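Working notes, beginning with the structure itself.
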Amino acid sequence: LHHGRTARRRPREAPRLVAHRSRATVMLAAPSGERHIVALEMVADLLRDAGYRVLNLGADVPSAALAIAAERHKPDVIVMSATMPGGGDRMVIAADEVQERIPGARFVVGGRALTSRLHVRPGMEACGRVTEVVETVDAVLKRAELN
């Protein structure tokens with residue numbers, strides 16, 4: 001995820017939407033080897049401000065540790081960000097490990113390390129800008145409810 005030059009101002013969210021978000025947990029992590037987490041911290045702030053419960057695991061989270069944390073905390077969505085070369089592949093590896101333990105786990109991924117193959121993976125939605133993360137997480141959760 002990268003931040004845009006200007007953040008869009010949002011009108012006040014409907015109380016019903018905020019209540020819906022307050023029941024959802026979003027887990028954030030940067031994959032193994034990724035230490036750049038400024039965007040991930042911005043995402044955490046935006047999601048909290050929107051009403052989501054946020055669990056930020058931070059930088060350099062090994063795939064196995066992410067899978068264990070996901071199994072323990074049962075997040076509704078996992079957000080990962082990577083900027084370093086190979087980070088996109090490490091996000092895929094981490095997602096695969098989580099989905100082995102939790103079939104149907106949902107992900108929002110972003111950052112400069114994003115590769116085209118991430119766009120077509122089941123259960124994974126790409127987010128191009130930090131400022132779009134709330135809408136992307138909302139959409140992922142809405143689709144999950146429709147299934």
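Treat each spin label as a single point 7 Å out from the Cα along the C-beta direction, and report the Leu146 to Met84 distance in nm.
Distance between label points: 3.8 nm.
If you roll a 1.4 angstrom probe over the protein chains with everything in place, what fraction of the accessible area of the stretch 18-90 belongs to carbon and sulfur, to the nearest %?
For the stretch 18-90, the apolar C and S fraction of the accessible surface comes to 55 percent.
Full-extension gain between Ile68 and Arg48, please, as 0.36 nm times their residue separation minus the C-alpha to C-alpha distance.
Answer, rounded to one decimal: 4.9 nm.
What is the Rg over Rh value, at two decimals, for the stretch 45-138, using alpha-carbon atoms and the Kirkwood definition of Rh?
When Rh is taken as the Kirkwood radius, the ratio is 0.92.
The values are calculated or read from the model by the stated rules, or taken from the named source; none is laboratory data. Worth saying up front: this structure is predicted, and the values here are computed from it rather than measured. Don't worry about glycine lacking a Cβ; one is built from the backbone with ideal geometry, like all the others, and counts go over all protein chains shown. To get the accessible areas, we keep the full protein, side chains included, count just its heavy atoms, and leave off ligands, DNA and RNA. Shrake-Rupley method; radii C 1.70, N 1.55, O 1.52, S 1.80 Å.
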